[in-house]
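The values are calculated or read from the model by the stated rules, or taken from the named source; none is laboratory data. Nothing here was measured: the structure is a model prediction, and the numbers come from that model. Cβ sites come from the backbone with ideal geometry, for glycine too, and all protein chains shown count toward neighbours.
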Amino acid sequence: MEDLSRFKQTYFDESAELLEVAESGLLRLTPGEVDSDEVNAIFRAVHSIKGGGGAFGFTELVAFAHEFETVMDGVRNNTVPVTTELVDTLIRANDLLGQMLAYAREGDPAPAGTTDGTVAALRRHLSGGDAPQVQAPAAAPAAPAPAPVYADDEDDEAGLFGDAMAAIAAARAAEDPVPPGKLRWTIVFRPRSDLLMSGNEPAFMLRALRRLGDATVECHTDALPNLQNLEAELLHLSWTVTLIADADVDLDKINDVFEFVADDCDIRITAEAPPPAAPEAPPPVTDPVPVATAAPPAVVAAVPEAPPKTPGADAPKAEAARPRPNGGGAEHAGLTSHTIRVDLDKIDRLVNMVGEMVITQAMIAEHVRELPPGEFQELLEGLEQLAQHTRELRESVMSIRAQPVSSVFSRMPRLVRECAATTGKEVQLVTSGETTEVDKTVVENLVDPLTHMIRNSIDHGLEGPEERERVGKPRAGTVHLSAQHRSGRIVIEITDDGRGINRPKVLSKAIEKGLVQPGATLSDEEIDNLIFLPGFSTADQVSNLSGRGVGMDVVRRNITSLGGRIGVYSTPGEGSRFVLSLPLTLAVLDGMVISVGEERFVLPLTNIVESLRPKAADLHGLVGKCDVMMARGEYVRLVYLHQLFGIPGAVADPTRALVVLVETEDGSRLGLVVDEVLGQQQVVIKSLEANFRRLDGVAAATILGDGRVALILDVAGLREMSRHMDSRAPRPPVAALPAPALEPV
Amino acid sequence: MSSSTALATVGGTRTDARTDVMAVNAAEEQYVTFTVGSEEYGVNILSVREIRGWTPESRLPNLPDYVRGVINLRGIIIPIFDLRARFGGGATAVTKRHVVVVIQVGERTRGILVDAISDILTIGHDAIKPPPDVDGGMVGAEYLSGLYTADDRMVTLLCVEKLFSVENSELDSATRALPALERAS
C-alpha cells in the first residue's frame, strides 16, 4: 500500500507537469498554424494522464481524459479544425482535467455532472458542430463552394445520417486544404445491422479503401447498445473514411469497393478538389482569422450574421465569449506540487551572484556619496530603493537555502534513549521550535555540536533517578532542546534540570590542569566557561559518552567556525542552560566598516555594542599592563587594533580615536580602538583560506565597494591575541599552556 | 586599471628570443620569465593563469614582509607575494608599471609581484642546469628547479609549488613571532 501511494504521488506530480505542458501547448495553438509537434506534445500529455489514471482506477478521470484525447487526436489527424473556440474548449478541458486530478488525489468522487458541459463541448467539436462559426466572422473570407455530393439515395440520407455526419464532412472539406493534384473523398459508410449475416466483412472494405490512397478511418460507436442488449451477430458500427487519393481514383473505383454490400448499407461519398491556385480564390478557412484570434468576443458579435446550422453550435460560441475563468488556474495550483528539486550548485551560483550584486550596489552607493549633496535627489532615492530591494533579494535567496532545524532535532530522541540506557538515567527530551529555518550549511554543522552537548547534559548534568528523588526532583530528568530566531540569528538552547555546574570542582580541575593560575579569583560565569577550554574534563572516570575532555572545546570550535557563539548559564542544583547563537547564513553578514591607518576592516554588527570617543578621565592604566576604560559603569579593557595588527599611521590616542565596544560569545566586552567608523554595510563573506590561510583575529574577508579587500574581524580571536600579547610581557604569564587561558580582567 | 596583458603580446617585446610557441614537444617546456631588479626568473607557463597590472593590495596582519597582502581577483581573494622581498631584497616600492603574475598551484590561486614580464622561452629539459649550492638563508634550493642560459642572460627557474607554500612552518613561525607586537611593545 505504501508503495502504491508513493507511485500515486509520482503520478500526480508528473500529471501536474503534463498539465502545464498541455496548457502551454494549447496557448500556443493558433488557428491555421498548427504545429504538429506541439499538437503531438499535447496529445501525449493527455494520453499519459489518461494511462496513469487507468492504472490507479480513476475511472471518471480516464473517461474525461479520453474525450479530451479523442479531440486532440482529431486535431492531430487534421480531422478536427483548429479554431479559437476549439482552443478555448481545450484549455477549459485541460483545467477540468486538473480539477479531476485534484479530486482523484483527494480520493473524492467528482461531483456528478462536473465534466458534462465540457464533454459536450468537446464532442461538438468532434462532430464539426462549430464549423459554421468559423466561417461566421465578417472578416473571414467565404468558405469554398460546397463540394458535390454523391449519394445513393438523397432522400434517405438526411434521415439516416443526421446533420452530424454531413457536417463533419463539410467541416473537414472546409477546414483542410487538399494537396494539389489530389482529391479528398469523404465516405460515410453505414452498414445495415445484418451486414455480417451475408458473410461480408467491413474491415475488408476499409482496407480496400486504404489501398486507394491515404485513408483516415473513424469509427462511430454511438449506435452501440448496452452490453445486455447487444446481439453479437449484429453490426452496430459505422465509419467515416477520409481518403486523400490521386486524381485517377474516381467515384466508380470507390463504389467498386462497396459493390457487394451496396444493398446492405448506406453510403455517402463526397469529393473535394484542391482549391484553385488563382489569387482570387478564397483561402482555406484554417488561415488565422484576425478578428477571431485577437479578440474572441468579436467572434460572438459576428456570429448572428451567419446563423449556425446546428443547434449545438450556440454553446461553444457562448463559452468562447466567456473569458477563461480565473478559478481554473487556482484549481490547477491545488494540484501543482509546491516544491521543486534544485541542484545545490545552482542555488549557490545564485547566492554568489546576489553577493556580487551586493558589492556592486555598495560600490555605486560609495560613488554617489561623493556627489554634491542636494543635487541628485532622485538618484539618491532610487539608490535607496535599490538597496532595499537588494536586501530583500538577498533574504529571498538565502531563504532558498534555508532548512528547518527539525532534520537535526529529529535525530536527538534516539541519541537521548541510547544515552539514558548507557548511563542508567531516566531522561525525557522536549523539543520546540523545530520548524525554525536556518541555512543548510549551518544545519549540517549543527549535528555534531548538538550531539556532544546533549550527551554532556545527560552524562554530566542530570543526576541518577535515586539522587533526583532524594533532592525532591522527578525521577526522570528533562532535557529541553529549543530553537528560535532572535535578531537575525538562530538561537538554540539546551536546558537540563540537573545539578548544574559544580563550580568548585571545575575550578580545582582547571587549576590542577594548569589552565588557571592558583589563587586567581574567577567570577561564577568565568568558572562556568572554563568547561569550553581545550583539555578540560571533570568526569571522574572517562565514560563512553563524554569525559574525554574533547567534547566542549570541540563544540565551541565548531560553533565559532560557523560564526556562532556559545554561552553557558548554570544554577547549582537547578540545572544548566547552553545557549548557541548562530548566523542564519554563512554567505553575507551585516557589518560595520572601520578604518585603522590606511586599512579598512569589517566588524560583524552582532558583536558591536556601541561606539564612543572616551574622555581622558575615563581611561586608566591597569598595572602598567593595559588600558581600561570606564564605560557605562563598567571597566572595559582597551585593545588597540593598530598594535595588534601592526598598522602604521593609526591614531594611537583613544581620546582622539574611537572606541568600539564589542562583545564576544561569552558576553565579555572589549573596547576596540580604531581610527574611524565608516558606516554600516552588508558584506559578502569571502574565504581567505581558499587561496591562503587562516589568520589570527580574522574571521574571513570581503570585497568593499571600491573593489578592495577588507578583512572581517574575529572579535574572540582579537581578545585571545591581546591576551597572548600580555603573556609576552615581562609579567609572568597567567597560563603556562600555549592555549590562551581565561583570566580575571 | 586592472589591466591584464595577454601572454601572446608579452613575448613580442623581444624578437630575438626563442619564442617558438608552436614547436613544443615532450622534451621541452615553456616558461614565462620576468625580472626582479637585474635578475631574471622563470616559471612554467602551465602554472600561469594570467598577468595583470598592479592594483593596490589590502595588507594582512602579522605576516612576513614578502606576504604583500590580498587583492580581489574577480570576486575571489588571492594573496600577493613580493618576490623581491622573498629573496631578501626588501619590500618592492610598487608603481603602476609593476606586474602581478597570477599562478595556479593545485587548488590555490596566488599572485607574485615582479618588476616586469620579459619573455616566453621554450626550454629543453637537457638545457636546464642544476642550481649550485645556494647559501641556505633566504632561498632554499628546493625553490629552484634549475638555471637556464638564454643568450647571455641567466634565467633562474622557480618551482612555484614550493616557493610560497603557505602551509610551511616558516610562515607559521613568522606568525607566532608577531613581529608587529615586538615593535608595539
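Structure data summary
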| item | result |
| --- | --- |
| Residue list for the stretch A:358-405, filter: touching a Lys or Arg at 6+ places or on another chain (Cβ under 8 Å) and within 17 Å of A:Q680 (Cα to Cα) | A:V358 |
| Lone unmet requirement of (1) over 26 Å from the mean Cα position of the chain (by Cα); (2) surrounded by 15 or more Cβ atoms within 10 Å (Cβ to Cβ); (3) hydroxyl-bearing (S, T, Y) for A:T436 | (1) |
| Filtered residues of the stretch B:105-127 (kept if within 14 Å of chain A (Cβ to nearest Cβ) and either closer than 24 Å to B:D151 by Cα or of a type in the set (G, A, S) (or both)) | B:G106, B:G111 |
| Enumerated strands (runs of 3 or more DSSP E) restricted to the stretch A:565-653, each holding at least 2 residues that are among the hydrophobic types (A, V, I, L, M, F, W, C), out of contact with any Ser or Thr (no Cβ under 9 Å at 6 or more places or on another chain) and within 14 Å of another protein chain (Cβ to nearest Cβ) | A:588-596 |
| Selection count, the stretch A:700-721, where residues are modelled with pLDDT under 85 and more than 10 Å from chain B (Cβ to nearest Cβ) | 4 |
| Candidates A:G57, A:G74, filtered to the one that is over 26 Å from the mean Cα position of the chain (by Cα), modelled with pLDDT of 80 or more and surrounded by fewer than 15 Cβ atoms within 10 Å (Cβ to Cβ) | A:G57 |
| Residue in the stretch B:75-88 that is surrounded by the fewest Cβ atoms within 10 Å (Cβ to Cβ), counting only those that are within 9 Å of another protein chain (Cβ to nearest Cβ) and in contact (Cβ under 8 Å) with a residue 24 or more places away in the chain | B:I76 |
| Search result, residues across the stretch A:684-695 that are farther than 25 Å from A:M363 by Cα and more than 7 Å from every other protein chain (Cβ to nearest Cβ) | A:R694 |
| Residue in the stretch A:728-743 that is at pLDDT 85 or above and either closer than 20 Å to B:I80 by Cα or more than 11 Å from every other protein chain (Cβ to nearest Cβ) (or both) present | no |
| A:E20 being charged (D, E, K, R) and over 29 Å from the mean Cα position of the chain (by Cα) | no |
| Candidate set: the stretch A:659-681, residues that are farther than 30 Å from A:E525 by Cα and surrounded by fewer than 20 Cβ atoms within 10 Å (Cβ to Cβ); chosen: the one farthest from the other protein chains (Cβ to nearest Cβ) | A:Q680 |
| Those residues of the stretch B:48-68 which are in a strand (DSSP E or B) and at the interface with chain A (Cβ under 7 Å from one of its Cβ atoms), in sequence order | B:S58 |
| Condition broken by B:N72, with the remaining ones in (1) within 14 Å of chain A (Cβ to nearest Cβ); (2) surrounded by 20 or more Cβ atoms within 10 Å (Cβ to Cβ); (3) within 16 Å of B:V48 (Cα to Cα); (4) without any contact (Cβ under 8 Å) to a residue 60 or more places away in the chain satisfied | (3) |
| Condition met for A:D108 (charged (D, E, K, R) and in a loop (DSSP other than H, G, I, E, B)) | yes |
| For A:H724: the one exception among (1) closer than 22 Å to B:V70 by Cβ; (2) assigned to a helix (DSSP H, G or I) | (1) |
| Enumeration of residues in the stretch A:645-666 that are in contact with a helix residue (DSSP H, G or I) (Cβ under 7 Å, 6 or more places away or on another chain) and at positive phi | A:G646 |
| Exclusive hit being in contact with a helix residue (DSSP H, G or I) (Cβ under 9 Å, 6 or more places away or on another chain), part of a helix (DSSP H, G or I) and at pLDDT below 80, set A:F7, A:F68, A:F43 | A:F7 |
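Residue-by-condition table, conditions (1) buried (at least 18 other Cβ atoms within 10 Å of the Cβ); (2) out of contact with any Leu (no Cβ under 7 Å at 6 or more places or on another chain); (3) assigned by TED's automatic domain parsing to the domain that holds A:D714:
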{"site": "A:L603", "(1), (2), (3)": "yes, no, yes"}
{"site": "A:H620", "(1), (2), (3)": "no, yes, yes"}
{"site": "A:K625", "(1), (2), (3)": "no, yes, yes"}
{"site": "A:R632", "(1), (2), (3)": "no, yes, yes"}
{"site": "A:A657", "(1), (2), (3)": "yes, yes, yes"}
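The rows are residues; the columns are (1) outside any loop (DSSP other than H, G, I, E, B); (2) buried (at least 18 other Cβ atoms within 10 Å of the Cβ).
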position: A:I187; (1), (2): yes, yes
position: A:S193; (1), (2): no, no
position: A:F204; (1), (2): yes, no
position: A:A208; (1), (2): yes, no
position: A:E231; (1), (2): no, no
position: A:A245; (1), (2): yes, yes
position: A:K253; (1), (2): yes, no
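For every residue, the table says whether it meets (1) touching a helix residue (DSSP H, G or I) at 6+ places or on another chain (Cβ under 8 Å); (2) part of a helix (DSSP H, G or I); (3) more than 28 Å from B:Y148 (Cβ to Cβ).
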position	(1), (2), (3)
B:L46	no, yes, no
B:V70	no, no, yes
B:I78	no, no, no
B:A93	no, no, yes
B:K96	no, no, yes
B:I103	yes, no, no
